[in-house]
Amino acid sequence: MEGARMVPKDASTLDMLRELERKVLWLSSYMIHHANHEVDRGDGLKVGGHQASSASLVTLMTALYFHVLRPEDRIAVKPHASPVFHAIQYLLGNQDLDKLQNFRAFGGAQSYPSRTKDTCDVDFSTGSVGLGVAVTGFQSIVQDYVHAKGWSPDWPKGRMIGIMGDAEIDEGNVHEALLEYWKHGLENCWWVIDYNRQSLDSVVSDRLFMKVASLFENLGWKVILIKYGKLLQAAFNEPGGARLREWVDDCPNMLYSALVFQGGAAWRRQLEEDLAIHPDTLAIVRRHDDAELARLMTNLGGHDMEAILEAFASAPTGQPVCFIAYTIKGYGLPFQGHKDNHSGLMTKAQLQDYRAKQGINQGQEWERLAGLALPAAQIEDFLTRVPFVQKGRRRLKAARVPVENFPKIEAKGLMSTQAGFGRVLDEIARGGGPLADRIVTTSPDVTVSTNLGPWVNRRGLFSMTSQEDLFKQRGLMSPQRWVMSPKGQHIELGIAEMNLFLTLSALGMSHTLFGERLLPVGTLYDPFVCRGLDALNYACYQDSRFMVVGTPAGITLAPEGGAHQSIGTPLIGMAQDGLATFEPTYVDELAAIMEWGFDYMQREAPEDKEQRWHRDEKGGSLYLRLTTRSLEQPTRPMTDKLREEIIDGAYWLRKPEPGTDLAIVYTGAVAPEAIEAAGLLAEDRRVAVLAVTSADRLSAGWHAAQRAREHGERDVRAHIETLLSELSRDAGLITLTDAYPEALSWLGGVLGHRVRALGVEHFGQSGSLSELYSHYGLDVNSILSAAEGLSGRPVRYRFLQK
Ligand SMILES: Cc1ncc(C[n+]2csc(CCOP(=O)(O)OP(=O)(O)O)c2C)c(N)n1
Ligand SMILES: [Mg+2]
């Protein structure tokens with residue numbers, strides 16, 4: 001550090017970068033210190049900030065942002081490097097001081113870089129380790145997709161870069177992603193691993209990590225080790241240097257970390273002891289005083305600007321590259337190397353000492369250039385010429401794709417919503433036009449079984465290399481004509497559901513990252529939503545836009561048994577912010593939802609609107625829970641009113657009349673049971689039937705209306721409030737869903753109706769549909785019993801109890 005201040009006036013880029021590195025370390029450390037020591041939040045809580053984890057990446061990120069990156073490069077920054085990222089943005093003029101001063105506070109710079117909550121130029125959110133880094137590869141495949149279509153002519157292809165912690169490799173989704181990338185011929189992707197050999201609790205094994213390196217090579221990546229800095233490299237070239245290298249290579253991570261923490265004298269003691277019989281090597285050690293020795297022995301590649309720049313410059317193109325940069329957690333700070341430093345913070349005294357050493361006066365802590373040895377004008381000039389900022393803010397926009405001439409589906413006779421979904425997409429594919437051209441489908445090995453087959457037959461599979469369908473070439477009969485080419489519009493994935501959601505996440509950000517709108521549609525079996533759940537949550541948190549179809553769902557796929565029965569997914573859909581969840585019963589409902597959905601996916605509005613209404617202005621993603629149960633389709637005109645009610649979440653299939661004292665409320669595939677029971681009950685009471693197409697939007701609308709009234713908009717009524725107000729307060733509700741009953745039972749809370757909620761609380765049986773509906777209490781009999789229980793009056797017609 002000391003040396004860096006004696007930078008000559010005609011500083012080269014290298015010297016300039018070293019100065020900036022010093023500044024970035026100071027600013028990021030001070031940001032964390034300030035958040036913990038200077039801001040009184042009134043709750044007495046320390047906010048942390050991971051000073052040590054941030055510090056290990058300072059040199060690498062300085063090199064990248066101030067020299068290596070280009071505007072078209074997109075970067076996922078590991079969660080704990082958020083302060084480093086924000087400090088860099090501040091120096092580049094992209095971040096306000098106020099945000100830095102409020103790091104981790106309400107409205108300030110976020111703990112982990114966030115596309116939605118940070119105001120500066122974040123490309124990918126991170127936080128849940130493994131996801132930010134894995135999305136980069138999928139984003140690169142999406143970039144290939146966009147360019148293969150001849151789009152994005154003014155925005156060149158960039159590198160999709162994951163700056164990641166070494167412990168992120170432990171996440172299974174990273175490995176799943178690596179396999180998938182290989183299949184798709186990944187090219188423009190860099191992963192820069194901060195190999196500090198530390199995670200939260202412990203020290204990472206070096207031997208294991210080298211196996212990881214060969215895994216990358218095996219899967220087509222170029223691996224570049226950034227292991228030694230220039231000082232160590234020079235020492236290794238001296239007589240006895242080879243032995244020193246051996247010692248460093250063999251040094252267990254734990255011992256190395258301890259010596260880093262202890263400093264020069266401890267290094268000397270250890271080396272004197274271990275190298276006692278190697279006088280020429282010891283001579284190298286003895287040529288350094290304690291401070292110099294500590295500097296030499298901690299001169300790892302990841303902290304040596306020159307070594308880093310060389311490594312980045314040596315990267316090949318046309319192949320993904322993994323840089324493994326050896327670093328020291330907390331490098332340059334008092335707790336460097338200590339295994340417990342994960343949440344370590346500098347004391348006030350340590351910080352004062354550090355500030356003084358940086359040549360920064362008290363009161364100048366936030367000044368961008370205070371304490372730097374180079375003339376301010378020279379630094380400012382350098383900063384304005386940094387390649388990365390030459391195109392300004394890099395949030396791109398794309399025009400909305402009009403959702404016009406949406407196909408009219410004539411669904412007659414028996415049909416399931418899953419089959420209807422296939423029909424809608426097939427018709428869109430057949431009709432062509434902008435909407436058809438911008439839809440991209442993807443599925444984790446369930447393309448055919450979720451009814452995407454006809455779409456794929458018409459629109460083909462995406463691949464950077466073309467391949468004809470061999471069966472077709474040989475004249476062999478097959479309903480699937482799978483032609484692969486850069487023109488194709490379906491991305492076929494292996495089974496990993498995490499990869500599905502990461503792919504959807506990447507596709508759904510194309511408009512902001514590449515300036516080209518895509519309308520992604522993904523399918524999977526509904527129970528396996530849970531397998532990809534964190535990636536789904538991540539995609540929504542990034543405000544990526546897509547439509548995901550979970551099908552088949554619930555116990556309605558009866559013979560498949562417990563392993564495939566999804567019970568909790570409607571609750572997941574309701575609770576997931578940014579995801580509008582629907583469970584239509586009939587194909588005309590589904591078509592209306594999809595038509596609306598393709599528009600909803602493209603909407604944008606400022607953040608504050610979401611406080612008031614259920615995101616109708618802002619838009620979001622969609623989740624459709626569909627079924628393979630074929631139902632008799634209604635023949636009815638799709639009036640504007642019906643369409644609106646389907647989108648808002650419910651409509652009266654049989655309206656309440658005066659004296660109606662029971663409403664059966666159903667959603668999805670169980671409609672026939674609800675309707676049949678209503679018919680039987682009508683013999684001796686007035687029964688209404690409410691069809692719920694989206695419990696999620698009903699509940700969101702209800703909450704929003706309550707908030708609006710509390711804020712003075714007295715006349716606001718939620719759709720569900722309006723519907724239920726047609727029913728007498730004394731009437732009872734029987735809710736019916738092929739899912740956990742609480743997906744609908746909350747309806748009793750809206751106006752205070754009594755509720756008997758039928759649904760699935762236990763699961764796991766195989767059987768026929770009628771057996772399972774009867775077993776779990778979703779059949780007509782169960783509804784009749786519930787009606788009796790609610791009213792206390794016996795029902796006239798009952799099925800015979802089994
Ligand atoms: C999925 C997930 N699990 C757990 C955590 C909590 N966590 C945050 S950082 C971390 C370890 C990070 O180690 P590494 O990636 O090596 O980064 P370093 O702190 O060394 O920079 C853990 C377990 C998380 N953020 N995400
Ligand atoms: Mg680590």
Any idea which of (1) within 26 Å of I675 (Cα to Cα); (2) small (G, A, S); (3) open to solvent by less than 10 Å² (accessible area, probe 1.4 Å) is the one A591 doesn't satisfy?
(3)
Filter segment 126-156 for residues that are crowded, with 19+ Cβ neighbours inside 10 Å and within 16 Å of ligand 2 (Cβ to nearest atom); which is nearest to S114 (Cα to Cα)?
T126
For segment 273-285, which residues satisfy the criterion of being part of a helix (DSSP H, G or I) and exposed (fewer than 13 other Cβ atoms within 10 Å of the Cβ)?
E273, P279
Pairs please, first residue from segment 642-663 and closer than 20 Å to A700 by Cβ and small (G, A, S), second anywhere and assigned to a helix (DSSP H, G or I) and open to solvent by 20 Å² or more (accessible area, probe 1.4 Å), Cβ atoms under 9 Å, 6+ apart in sequence or on different chains.
G649/A700; G649/H719; A650/H719
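Per-residue answers, yes or no, for (1) under 30 Å from the mean Cα position of the chain (by Cα); (2) surrounded by fewer than 20 Cβ atoms within 10 Å (Cβ to Cβ); (3) at pLDDT below 95:
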site: L296; (1), (2), (3): no, no, no
site: V321; (1), (2), (3): yes, no, no
site: T327; (1), (2), (3): yes, no, yes
site: G332; (1), (2), (3): no, yes, yes
site: L345; (1), (2), (3): yes, no, yes
site: Q350; (1), (2), (3): no, yes, yes
When you go through G532, G522 one by one, which is the residue that is under 12 Å from the mean Cα position of the chain (by Cα), within 19 Å of T569 (Cβ to Cβ) and touching a residue at least 12 places away in the same chain (Cβ under 8 Å)?
G532
Single condition Y65 does not satisfy, out of (1) crowded, with 24+ Cβ neighbours inside 10 Å; (2) of a type outside the set (A, V, I, L, M, F, W, C); (3) within 16 Å of ligand 1 (Cβ to nearest atom):
(3)
Single unsatisfied condition, R625 versus (1) open to solvent by less than 30 Å² (accessible area, probe 1.4 Å); (2) of a type in the set (K, R); (3) farther than 25 Å from E560 by Cα:
(3)
Assess whether F471 counts as being aromatic (F, W, Y), at pLDDT 95 or above and either on the phi < 0 side of the Ramachandran plot or outside any helix (DSSP H, G or I) (or both).
no
Consider W190 carefully, then state whether it is away from ligand 2 (no atom under 16 Å from the Cβ), more than 15 Å from G302 (Cβ to Cβ) and of a type in the set (F, W, Y).
no
When (1) in contact with a strand residue (DSSP E or B) (Cβ under 8 Å, 6 or more places away or on another chain); (2) within 16 Å of ligand 1 (Cβ to nearest atom); (3) of a type in the set (S, T, Y) are applied to S343, the one that fails is (1)
Would you mind listing the helices (runs of 4 or more DSSP H) fully within segment 27-124 where at least 3 residues are modelled with pLDDT of 95 or more and aliphatic (A, V, I, L, M)?
58-63, 82-91
Which of the residues spanning segment 763-780 are over 18 Å from I734 (Cβ atoms) and hydroxyl-bearing (S, T, Y)?
S766, S768, S770
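Listed here are the residues, each with its yes/no results for (1) without any contact (Cβ under 8 Å) to a residue 60 or more places away in the chain; (2) in a loop (DSSP other than H, G, I, E, B); (3) buried (at least 19 other Cβ atoms within 10 Å of the Cβ).
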site	(1), (2), (3)
T441	no, no, yes
V448	yes, yes, no
W455	yes, no, yes
T465	no, yes, no
For the structure I just gave you, tell me whether N537 is within 24 Å of V122 (Cβ to Cβ), at pLDDT 95 or above and surrounded by fewer than 24 Cβ atoms within 10 Å (Cβ to Cβ).
yes
Do you know which residues across segment 106-156 are more than 16 Å from ligand 1 (Cβ to nearest atom) and within 10 Å of A76 (Cα to Cα)?
V122, D123
Out of the residues in segment 473-486 that are touching a residue at least 24 places away in the same chain (Cβ under 8 Å) and out of contact with any Lys or Arg (no Cβ under 7 Å at 6 or more places or on another chain), which is surrounded by the fewest Cβ atoms within 10 Å (Cβ to Cβ)?
P479
Here the residues within segment 157-173 that are out of contact with any strand residue (DSSP E or B) (no Cβ under 7 Å at 6 or more places or on another chain) and either over 17 Å from I75 (Cβ atoms) or more than 16 Å from ligand 2 (Cβ to nearest atom) (or both) are K157, A167, I169, D170, E171, G172, N173
Test for S544: is it assigned to a loop (DSSP other than H, G, I, E, B), open to solvent by less than 10 Å² (accessible area, probe 1.4 Å) and of a type outside the set (K, R):
yes
Checked pairs for segment 775-798, first more than 16 Å from P672 (Cα to Cα) and of a type in the set (S, T, N, Q), second modelled with pLDDT under 95 and surrounded by 18 or more Cβ atoms within 10 Å (Cβ to Cβ), C-beta under 8 Å and 6 or more apart or across chains, list as S791/D661
Confirm whether L20 is crowded, with 21+ Cβ neighbours inside 10 Å, of a type in the set (A, V, I, L, M), under 19 Å from G371 (Cβ atoms) and within 16 Å of ligand 1 (Cβ to nearest atom).
no
State which residue pairs qualify: first residue hydrophobic (A, V, I, L, M, F, W, C) and inside segment 180-193, second residue open to solvent by 10 Å² or more (accessible area, probe 1.4 Å) in any location, beta carbons under 6 Å apart, and separation of 6 or more residues or different chains.
W182/L219; W182/G220; W190/R159
Go through segment 669-710 and give me each residue that's in a helix (DSSP H, G or I), open to solvent by 30 Å² or more (accessible area, probe 1.4 Å) and not aliphatic (A, V, I, L, M).
P672, E676, G679, W702, H703, Q706, R707, R709, E710
Residue pairs meeting the criteria (Cβ under 6 Å; at least 6 apart or on separate chains; first within 12 Å of Y195 (Cα to Cα), in segment 317-330; second part of a loop (DSSP other than H, G, I, E, B) and away from ligand 1 (no atom under 16 Å from the Cβ)):
C322/W221; Y326/K227; I328/T298
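Yes or no, residue by residue, for (1) assigned to a helix (DSSP H, G or I); (2) at pLDDT below 95; (3) touching a His at 6+ places or on another chain (Cβ under 7 Å):
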| residue | (1), (2), (3) |
| --- | --- |
| T581 | no, no, no |
| P584 | no, no, no |
| L590 | yes, no, no |
| F598 | yes, no, no |
| E610 | yes, yes, no |
| Y623 | no, no, no |
| T635 | no, yes, no |
| I647 | yes, no, no |
| V665 | no, no, no |
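The values are calculated or read from the model by the stated rules, or taken from the named source; none is laboratory data. Please read these numbers as outputs of a predicted model, since none were measured by experiment. Heads up, the Cβs are rebuilt from the backbone with ideal geometry, glycines too, and the neighbour counts pull from every protein chain shown. To get the accessible areas, we keep the full protein, side chains included, count just its heavy atoms, and leave off ligands, DNA and RNA. Shrake-Rupley method; radii C 1.70, N 1.55, O 1.52, S 1.80 Å.
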